[in-house]
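Here's the structure we're looking at; comments come further down.
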Amino acid sequence: MAEIVIEDLKKEFGDFVAVTNSNLTIRDGDFFVLLGPSGCGKTTTLRMIAGLEFPTYGKIFLDAEDVTFLRASERDIAFVFQMFALYPHMNVEKNIGFPLKTQGVKKSEISKSVLEVAKLLHLDKVLKSNVSALSGGDKQRVALGRAIIRRPKAFLMDEPLGSLDAEFRELMCFELKKMHNDINATTVYVTHDQNEAMAMGDRIGIMDKGVMLQADDPLTIYNKPRAKFVGSFIGSPAMNFIDIHSFVKKGSSAVKIDGSQLAIPECHEDSHIDFNYLGIRPENINIVDSGDISGSVYGVEYLGANKIITVDTEFGRIKARVPSSVHSKIGDNVGLEFDSNSIIIFNGDDEMAIKSQLMN
Amino acid sequence: MSEIKIENISKKFEDTDAVSNLSFTIKDGEFVVLLGPTGAGKTTTLRLIAGLEEPDEGKIFINNEDVTASPPAQRDVAFVFQQYSLYPNFTVYNNLAFPLKSPLRSLSKEQIDEIVRDIAKTLHIEDKLKNKATHLSGGEMQRVAIGRALVREPNIFLMDEPLSSLDAKLREELRLELKNIQVQLGATLLYVTHDHIEATTMADRIGVLKEGELIQIDPPEKIYNDPNSVYVATRLGSPKINVVPSKLLQMNLPAQVEYVAFRPENVSLDPEGTVDARIETRQNLGVEEIVTVNCMGEIVRAVIKPGSLARSGDNMKIAVKKRNMLFFDNESQRVYL
C-alpha cells in the first residue's frame, strides 16, 4: 500500500539540469512506467524516489510522509536493477530468503515466506537447486522473489529487461505484469521501449529533456498526446506532423493547408504564434484518388494485416496505415484523406497541444 | 537484363547439409528475400551464388550462362555484408569511387565523379563525401557500403542481413529507402534475413528456408494468407498465428485435420462465439490491442480495436470465421478443404 507524490522536483548535476519542474502522483497499486529517450531524466527521477539521489529542489512523499531526504535504507522500497545479481554460492531458497535473514527474522517464518513467494513465481519445484544451474528466466524470477519477499511499499525497476533478447523480454513482460496483478504493489518501472511501456503500464509518464510532459493511461497517451514529442515518441510509425503557416483562433474548426480548408476539432483557445503543427496518426489517414492533399507513393510496406504507405507530399513525407486490401505501388499519385476528428494542433513555439473538442 | 537461376544446389560442410537440393529463379528486377532462422542455409546460398563457396551438386546460371565453376570476379555480383566493410583510411568519396577505378572499366575522372555524386544523393550522404569512413554513424556507414555496391551496377546484389546491426528506427528508415532505390534502378536483388518484417515490407517474393531446404517461395501476401505448412505459417506475423488442435474448435472436420491455424486479427471476442475462453492479459499498443485468452488450456491471441471493456480474468467466448482458418495434418502439412 503506497502512494508516491512528487512535487516540483528538480535535480542539477553541476551545470547540467537532469530533472526540472516535475510533478507526479503515482497511485497506490499502479504499475507506473517512466518512459523517454536516454538522458531524459527518467533514471534520475527513479533514483530520487529510491533515495539514491537527493533532489536540488522539491519534495517526495511516500504515503503522505515526506521522505525527500531519507536515505534509501530508511524508505520501505525495493530496487530492481537492470542486471539481476544473485548469490552464486547459495541455492534458490537461500537467495530468496536472504533479505529476511539479514533482518533477523525467525527461520520457520523465513521458510514459510519463501515458499509463498516461490509458489507465486513458479519456483517451488527448484528451491533446492543451485542458482547457476537455472535457466535465464528462472534466474530473473529468483531475483524478483528476493525483491518481493520483503513486502516493500513499492518496487522500483530500472530497465530490468533491457539486457534480454526480444522473445524472452516479451515473456518476462507478461510475467512481471501477472505478478503485479497478483500482489498489487505500487511499481515504478523505467524503460526507453515504447512497446514495453504500452504493454505493461497502467499509467505512463513521458519525459524529455528533464521535463515530465504527460502522465496518463496508455490509450490517452496514444490518442491524445499533450506534446508533439509524445506523439512522435509513441507509435510505430510515429504521428505525422504538417507545418501550418497561420494563426489558429479560438472557435475555429478548420485550418488552411494547400490553399484549401481542412476540418479539425473545434479549438478552445488561440494558438501562441502564427506557426503551428498539425498532428495525425497514420491509421487516421486514408488513401484515395483525390483527397485533402496529394502526393507520390515513396514506399509500400506489407505487414500482413495491414500496410504502411509512405507518400511524399509538398508538406513532407507522410505515412498512412491502411488495410492490406488497398493497392498502391511506388511512384503512384494518390490523395490522402484525413479523419478530421482525430487531428491535434500543436503550438509552434512550445510544441504543446492546443485545447480543442478532442484535447479537452 | 539479369536473371539468376539455381538448379538442384546442394552443399555439405562435413556431416551437415547446409543447403539441400535448392532450386529457384530470381527474375530481372526482382527483390527476393530468403527468410529463415540461424542455420537455415541463407548465407551459404548467397556465398554459393557469389562464388565464395563451390556447390557439391547442382548448377548456377547468371543470364543463362553456367557460372557454377567461374571465380567470383567473373560473375559480376555485389555483396553487402552485415558488418560494414569499408576502407577505413579512405574518405566516403574514395570508398564509393574505388570500384569504378578498376582499369577494366576505363572510366574518366569526370565520369566517376558524376556516378559517385549521383549515388551519394540517392543515399542522402552527399554532405559526408569528404568525411573519413570511420567518422560516420552506423547508419551512414551502411549507406556507404550499399552505395559502393550500387555504383558497380552488377548483375545482382547479394545482401546478408545488412540492416541487422542498426537500431530499430534507422532500420525502418533504411529498408524503406533500399526498396525505393531498388524499384527506381530496376535492380535484381537477393536479400537474406531472419526478420519477417524486413521480408514482407521489401520482398516481391519470399523464400522460406528450413534446415537448408526451400519450403515455399511466393509473394508476401501468399506466404501470409496461403502458407503450405505450419512452419511457413508461423514465420510471418506479429503477434504469431494461433495453431490449435482441431478438436478445440468443436467443428465437423475431416479426420486427417489435426491442427487449425488462424491469425490473431481474425479472432473476435464474441458473446455468441463458439469456444469458451478466459482472458489472461491485455496489451494496449494504441493502434490495436493484443488480448491473450485461455481456451481449455490453449493460449489464443486476438488483436482487437483498443477500448474494449473486457478485463483480465473475465470469462468470454471467441469466434473465428471458417474462411479465415487454415487446416493442417499430423505432419503439419496443409490440408485444403
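The values are calculated or read from the model by the stated rules, or taken from the named source; none is laboratory data. Note that this is a predicted model, so its numbers are computed, not measured. Note: ideal-geometry Cβ built from the backbone for every residue, glycine included; neighbour counts use all protein chains shown.
Restricting to region B:49-79, count the residues that are part of a helix (DSSP H, G or I) and either free of Cβ contacts under 8 Å to residues at least 40 places away in the same chain or of a type in the set (V, I, T) (or both).
So the first thing to find is which residues in region B:49-79 are part of a helix (DSSP H, G or I), and the list is B:49-50, B:72-75.
From the residues that got through so far, the ones that are either free of Cβ contacts under 8 Å to residues at least 40 places away in the same chain or of a type in the set (V, I, T) (or both) too are B:49, B:72-74.
The qualifying residues number 4.
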Name every residue in region A:69-98 that is in a loop (DSSP other than H, G, I, E, B) and buried (at least 17 other Cβ atoms within 10 Å of the Cβ), in order of residue number. A:R75, A:F84, A:L86
Scan (1) charged (D, E, K, R); (2) buried (at least 16 other Cβ atoms within 10 Å of the Cβ); (3) within 26 Å of A:K178 (Cβ to Cβ) for the single condition A:K128 breaks and write down its number. (2)
Return a yes/no flag: does region B:46-58 have any residue that is over 24 Å from the mean Cα position of the chain (by Cα), small (G, A, S) and surrounded by fewer than 14 Cβ atoms within 10 Å (Cβ to Cβ). no
Hey, A:L358 surrounded by 15 or more Cβ atoms within 10 Å (Cβ to Cβ), assigned to a loop (DSSP other than H, G, I, E, B) and in contact (Cβ under 8 Å) with a residue 12 or more places away in the chain or not: yes
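Give A:I234, A:I244, A:I280 a once-over and let me know the one that is within 14 Å of another protein chain (Cβ to nearest Cβ), more than 28 Å from A:T20 (Cβ to Cβ), aliphatic (A, V, I, L, M) and in contact (Cβ under 8 Å) with a residue 40 or more places away in the chain. Before you say what the answer is, go through the steps one by one.
Working: A:I234 fails: more than 28 Å from A:T20 (Cβ to Cβ); A:I244 fails: within 14 Å of another protein chain (Cβ to nearest Cβ).
When all the criteria are applied, what remains is A:I280.
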Pull up region B:200-226, narrow it to residues that are among the polar types (S, T, N, Q) and within 14 Å of chain A (Cβ to nearest Cβ), then point me to the one that is surrounded by the most Cβ atoms within 10 Å (Cβ to Cβ). B:T200
The one condition in (1) part of a helix (DSSP H, G or I); (2) surrounded by fewer than 15 Cβ atoms within 10 Å (Cβ to Cβ) that B:P271 fails to fulfil: (1)
Sole exception among (1) out of contact with any helix residue (DSSP H, G or I) (no Cβ under 6 Å at 6 or more places or on another chain); (2) more than 24 Å from A:S232 (Cα to Cα); (3) surrounded by 17 or more Cβ atoms within 10 Å (Cβ to Cβ) for A:G41, by number: (2)
Has region B:278-300 got any residue that is in contact (Cβ under 8 Å) with a residue 60 or more places away in the chain, under 28 Å from A:C173 (Cβ atoms) and hydrophobic (A, V, I, L, M, F, W, C)? no
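Tell me which strands (runs of 3 or more DSSP E) are completely within region A:197-315 and hold 1 or more residues being in contact with a Ser or Thr (Cβ under 9 Å, 6 or more places away or on another chain) and over 22 Å from B:T201 (Cα atoms), or say none if there are none.
Details: elements: A:203-208, A:211-216, A:240-244, A:254-257, A:260-263, A:276-280, A:285-288, A:293-302, A:306-313.
Filter on region A:197-315 gives A:203-208, A:211-216, A:240-244, A:254-257, A:260-263, A:276-280, A:293-302.
In region A:207-220, what residues are within 13 Å of chain B (Cβ to nearest Cβ) and more than 21 Å from A:H180 (Cα to Cα)?
Initial filter on region A:207-220 (within 13 Å of chain B (Cβ to nearest Cβ)): A:216-220.
Selection gives A:T220 alone.
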Select, from B:P103, B:P154, the only residue that is in the same structural domain as B:L52 (by TED's automatic domain parsing) and surrounded by fewer than 17 Cβ atoms within 10 Å (Cβ to Cβ). B:P103
Being among the aliphatic types (A, V, I, L, M) and under 13 Å from the mean Cα position of the chain (by Cα) is the filter; apply it to region B:22-39 and report the residue that is farthest from B:P72 (Cα to Cα). B:L35
Considering B:I279, B:I318, B:I304, B:I241, which residue is under 26 Å from B:A40 (Cβ atoms) and either more than 11 Å from every other protein chain (Cβ to nearest Cβ) or touching a Lys or Arg at 6+ places or on another chain (Cβ under 7 Å) (or both)? B:I241
Filter region B:282-301 down to residues that are among the β-branched types (V, I, T) and away from chain A (no Cβ under 14 Å), then give me how many there are. 1
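Yes or no, residue by residue, for (1) among the hydroxyl-bearing types (S, T, Y); (2) at pLDDT below 90:
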residue	(1), (2)
B:S108	yes, no
B:A120	no, no
B:L123	no, yes
B:K128	no, no
B:M141	no, yes
B:R148	no, no
B:R152	no, yes
B:S164	yes, yes
Which residues, taken from region A:283-330, are polar (S, T, N, Q) and within 12 Å of chain B (Cβ to nearest Cβ)? A:N284, A:S296, A:N306, A:T310, A:S324, A:S325
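Would you pick out the residues in region A:167-205 that are aliphatic (A, V, I, L, M) and either within 9 Å of chain B (Cβ to nearest Cβ) or buried (at least 17 other Cβ atoms within 10 Å of the Cβ) (or both)? Spell out how you get there, then give the answer.
So the first thing to find is which residues in region A:167-205 are aliphatic (A, V, I, L, M), and the list is A:171-172, A:176, A:179, A:183, A:185, A:188, A:190, A:197-200, A:204.
Within region A:167-205, A:M172, A:L176, A:M179, A:A185, A:V188, A:V190, A:A197, A:M198, A:A199, A:M200, A:I204 meet the criteria.
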Residue selected from region A:1-46 under the condition acidic (D, E) and not in a strand (DSSP E or B), by the criterion nearest to A:A64 (Cα to Cα): A:E3
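Against the condition more than 14 Å from every other protein chain (Cβ to nearest Cβ) and at pLDDT below 85, how does A:L123 come out, does it pass?
No.
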